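Presented below is the structure to which this report refers.
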Amino acid sequence: MFKQFVKKYNLPKYRTSQLYTQYYRNLIGSWDDLTTWSKDLREKLKKDIPFSKLIYISTNISKDGNTQKVLFKTVKGNLIESVLIKEKDRNTVCVSCMSGCPVGCIFCATGQMGLNELLDSQQILDQILYFSRELKLKNERVTNIVYMGMGEPMLNLKNVSLSIKDITDKEKMGFSKRRVTVSTSGYIQPLRQFLNMNLGVKIAISLHAPNQKLRDILMPTVSKSNSLKDLFNILDEYSNRKNKRITYEYVLLRGMNDSVENAKELANLLKDRLALVNLINYNEVDCLPFKKSKNTILFKKILEERGITCTIRKSLGEDIKGACGQLAS
Ligand code: SAH
Ligand code: SF4
């Protein structure tokens, strides 16, 4: 969009790089901060390009101060949430790619909303830029970006991939590819397209079940039309070709998918694969019947005994409903 602007007004090319630097790197707070530009040019910019396409609504900070959830509204009036998680020297931004989500996984708060709106790439970037500007005031910066907020990235592939290109483009945000993770519930066809784009970012698969039958119950919409067998076919091909380890997310739901048997079956499923299992403690959702598991440590032990690398994701921001899957405006 900056390039089009420069072209439209017949400006010299260096204006584009000036815009990139000021907007993505120096993190100006409005077009008026572009003080090296004439007033006339700034007014044109204001007219043509919205500084942000999201309207800030409110901020919620967790008791320990480490998690900050920000509510935004789109021009169409739909609400979205983004979260900043501070952990040691990391500042991770969890972005939404939709308002709501059409996938309806039975344990997920966002899934209960249905889809309101797909976000465009600028709206995805706006969330990151918002936190980048905030952090800059404290001489800090965003260190990691995860697509784990509202929505299913593979069902908004065009905008998600455009946003990743802008984030990692050296001329623009210049963010390290290795510090960007996209989480998906596993839509095979767009996932294949996404992997073929070779964007270099990390991929996390929301597995949540060691077999097709249980996955059909927990994630019916995606699971029934995207079988585990087909999903592993493309993941194995990718992982072998790139020699890349794939992260499998597994949210532990009491009495649903957290038994010793489930752990053994999961270990069996992943034993010959380059895999990392990220166990997620369930964040309970008011209107849903699911409970946190009491078996997290045992589950991890069973996986590790069978040679599967495993981590437990710390749950952050639960008190402000800013943790994974609790995002429902
Ligand atoms: N739609 C994508 C990304 C957003 S959800 C996906 O499903 O992967 C990010 C992660 O949070 C997913 O692994 C999701 O299954 C998990 N999640 C959903 N609801 C949760 C909850 N209430 N507690 C903990 N994790 C949850
Ligand atoms: Fe959508 Fe992911 Fe929630 Fe499933 S877990 S409903 S795909 S946001």
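Bear in mind these aren't lab numbers, they're just calculated from the coordinates by the rules spelled out. Because the structure is predicted, anything quoted here is derived from the model rather than measured. Cβ coordinates were reconstructed from backbone atoms using ideal geometry, including for glycine residues, and neighbour counts include every protein chain displayed.
A few notes on this one:
- Amide H contacts of D169 (H built 1.01 Å from N, in plane; Pro and chain starts excluded): G174, F175 sit under 5 Å, all sequence-distant by 5 or more or on other chains.
- Spacing of the two label points (7 Å from each Cα toward its C-beta) at T311 and K224, in nm: 3.5
- Counted over the chain with a bin width of 10 Å, the fraction of Cα pairs per bin, in whole percents, is 5, 25, 33, 23, 9, 4, 1.
- Cross-link pairs K172/K242; K158/K292; K271/K314; K242/K292; K73/K172; K47/K158 - those with Cα-Cα distance over 31 Å: K158/K292; K242/K292
- For the pair S30 and R192, a Förster radius of 45 Å applied to the C-beta separation gives a FRET efficiency near 0.65, rounded to the nearest 0.05.
- Based on C-alpha pairs under 8 angstrom that are at least 6 apart in sequence, the range 83-170 has a relative contact order of 36 percent.
- Simple Cβ-charge dipole of the chain, Lys/Arg +1 and Asp/Glu -1, about Cα centre, in debye nearest 20: 900
- Among the listed pairs K63/K224; K138/K170; K8/K202; K39/K170; K88/K244, a Cα-Cα separation exceeding 32 Å is found for K63/K224; K8/K202.
- Sparse packing (at most 12 other Cβ atoms within 10 Å of the Cβ) combined with a DSSP loop state is found for the following trypsin sites (Lys or Arg not before Pro) in the range 12-84: K13, K63, K76.
- Counting only DSSP beta bridges whose two residues both lie in the chain, roughly 50 percent are antiparallel.
- Distant-in-sequence amide H partners of A204 (H built 1.01 Å from N, under 5 Å): V182, S183, T184
- Magnitude of the charge dipole for the range 184-295, about its Cα centre and with charges confined to Cβ atoms of Lys, Arg (+1) and Asp, Glu (-1), is about 240 debye.
- From phi via Karplus (6.51, -1.76, 1.60), per-residue ³J(HN,Hα) for the range 201-218 in Hz, x at Gly/Pro: 8, 7, 10, 10, 9, 7, 8, 6, 8, x, 8, 4, 5, 6, 5, 4, 7, 7
- Amide H to amide H, with H built 1.01 Å from N, L276 comes under 5 Å of I246, T247, Y248, counting only residues 5 or more places away or on other chains.
- Whole-Hz ³J(HN,Hα) from phi, Karplus 6.51 cos²θ - 1.76 cosθ + 1.60, for the range 90-107, glycine and proline x: 9, 10, 9, 9, 9, 9, 9, 10, 8, 9, x, 7, x, 7, x, 4, 6, 9
- Degrees between helix 228-242 axis and first principal axis of the chain (Cα, 0 to 90, nearest 10): 60
- Against the chain, whose longest principal axis comes from its Cα atoms, helix 39-48 is set at around 40 degrees.
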